[in-house]
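The values are calculated or read from the model by the stated rules, or taken from the named source; none is laboratory data. Computed from a predicted model, the values in this text were never measured in an experiment. In this analysis, Cβ positions are derived from the backbone assuming ideal geometry, glycine residues included, and neighbour counts consider all displayed protein chains.
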Amino acid sequence: MSQETASWLNTMTLIGFTDRRGRAWHYRAERQGGEPNHYPGAIPVEDVRRRLFAWTVLEGDVSSTAMLLCNDGVGTLTVSDPDRKAMLRPPGGLGDEDPGAILGIFKSGYTPHDYGQWLLEQVAEILDDELAIGSAGLLRGGALAWVSIEVPETITTPEGVAFRPHLLATTSFDGSIATTYGRKVQLVVCDNTHAVAMRESGQQIKVRHSRHSRLKLADARQALALVHTIADDFAAEVAQLTSVAVSDGDWARFLDELAPLPFEEGRARTLAQAKREALQRLWDHDTRVAPWRGTAFGAMQAVNTFAHHEASVRGMARSERNMLRAVTGEVDALDRRTVEAILAIAA
């Protein structure tokens, strides 16, 4: 992890409830400046506003200037596009030395969703006595943000799966995601993010960045219901998936489907073999997976843990990649594909 990445993760992300889940793996006290980014309990709403969302995105014109060679020498040509606009992070938005940045370019009908309004004021309408902010942060130079709403206590199923339900509120200024309020769980044993993989509907609420966009009170109440119902739904899924036996033969067939070995020697075969060996090690010995070895839940946990902690990461820190996968829904799709594949083999 580069020093720049370490500084970002220790200043532009806030981690709450560390008394219950421990420190984030990227914790570096010397990189946090004058104020720690870890909170033993809930993160105060005003701390999120002050430390992360104190700036407001600006809208700018889109134009481009090119040099031209002509009979009179060298000139310039500037062309503007009246049908497009840029989302700008203002100078000083992320600190005194921040020069500002272009976060995204959109058609003129795009309406930015201010982080303070959509991730704090709207979330404040969702919070109740049993919910609080558990994490918040900025990614991609401030172009993407999230706030996680959690229950304070960890829940443990009869099968020994300890997890923390939360509502993940996210939005962006680079067009990567709509404003989304989605339900997730975080497994304590491995810090992995999961959804309810066996349910495709009822997982999230999305609001597009249009001039007519707004979160209605009914939507806020639905979002509140999402976080309160996910605990029961995920616990029921754990019970169902742990009841599905996965034999050694089933697991071997699953590996053949997930990481088939090319016949010819070469890089592709080497990578596939390494992935298979890593998954087998997780399945047989790793405490994040092995307690549920021989079940469909164990298979899902093996693939999810491999993706979170062992798969190659390029161009960013692993924790940033994992958060991006959570907010964009990639991890949900991975869990769903895994469950569908293992149930088709083991059923």
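Quick notes on this one:
- Qualifying positions in segment 296-333 - buried (at least 21 other Cβ atoms within 10 Å of the Cβ), over 21 Å from Thr171 (Cα atoms) and of a type in the set (A, V, I, L, M): Ala296, Ala299, Met300, Ala302, Val303
- Residue in segment 214-246 that is modelled with the highest pLDDT, counting only those that are assigned to a loop (DSSP other than H, G, I, E, B) and surrounded by fewer than 18 Cβ atoms within 10 Å (Cβ to Cβ): Ser243
- From the list Ala145, Ala124, the one residue that fits, being under 12 Å from the mean Cα position of the chain (by Cα) and touching a residue at least 12 places away in the same chain (Cβ under 8 Å), is Ala145.
- Selection of first residues in segment 18-44 that are touching a residue at least 40 places away in the same chain (Cβ under 8 Å) and of second residues that are in a loop (DSSP other than H, G, I, E, B) and polar (S, T, N, Q), restricted to Cβ pairs under 7 Å at least 6 apart or on distinct chains, gives the following pairs, ordered by first then second residue: Arg20/Thr154.
- In segment 198-213, the condition of being modelled with pLDDT of 80 or more and assigned to a strand (DSSP E or B) is met by no residue.
- Of the set (1) touching a strand residue (DSSP E or B) at 6+ places or on another chain (Cβ under 8 Å); (2) modelled with pLDDT of 85 or more; (3) of a type outside the set (Gly, Ala, Ser), all apply to Leu68 but (2).
Okay, residues lined up against (1) part of a loop (DSSP other than H, G, I, E, B); (2) surrounded by 15 or more Cβ atoms within 10 Å (Cβ to Cβ); (3) of a type in the set (A, V, I, L, M):
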| site | (1), (2), (3) |
| --- | --- |
| Gly92 | yes, no, no |
| Glu97 | yes, no, no |
| Ile102 | no, yes, yes |
| Trp118 | no, yes, no |
| Ile133 | no, yes, yes |
| Leu138 | no, yes, yes |
| Gly141 | no, yes, no |
| Ala145 | no, yes, yes |
| Ser148 | no, yes, no |
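- Of the residues making up segment 175-211, those that are touching a strand residue (DSSP E or B) at 6+ places or on another chain (Cβ under 7 Å), crowded, with 17+ Cβ neighbours inside 10 Å and either among the charged types (D, E, K, R) or free of Cβ contacts under 8 Å to residues at least 12 places away in the same chain (or both) are Arg183, Lys184.
- Of the residues screened, Arg84 is one that is free of Cβ contacts under 8 Å to residues at least 40 places away in the same chain and either under 28 Å from the mean Cα position of the chain (by Cα) or surrounded by fewer than 18 Cβ atoms within 10 Å (Cβ to Cβ) (or both).
- Among the residues of segment 282-295, not a single one is on the phi > 0 side of the Ramachandran plot and exposed (fewer than 12 other Cβ atoms within 10 Å of the Cβ).
- Within segment 40-65, the set of residues being part of a helix (DSSP H, G or I) and either surrounded by 13 or more Cβ atoms within 10 Å (Cβ to Cβ) or of a type in the set (A, V, I, L, M) (or both) comprises Val45, Asp47, Val48, Arg49, Arg51.
- For segment 318-347, a residue qualifies if it is in contact (Cβ under 8 Å) with a residue 60 or more places away in the chain and over 13 Å from the mean Cα position of the chain (by Cα), and the qualifying residues are Asp335, Arg336, Thr338, Val339, Ala341, Ile342, Leu343, Ile345, Ala346, Ala347.
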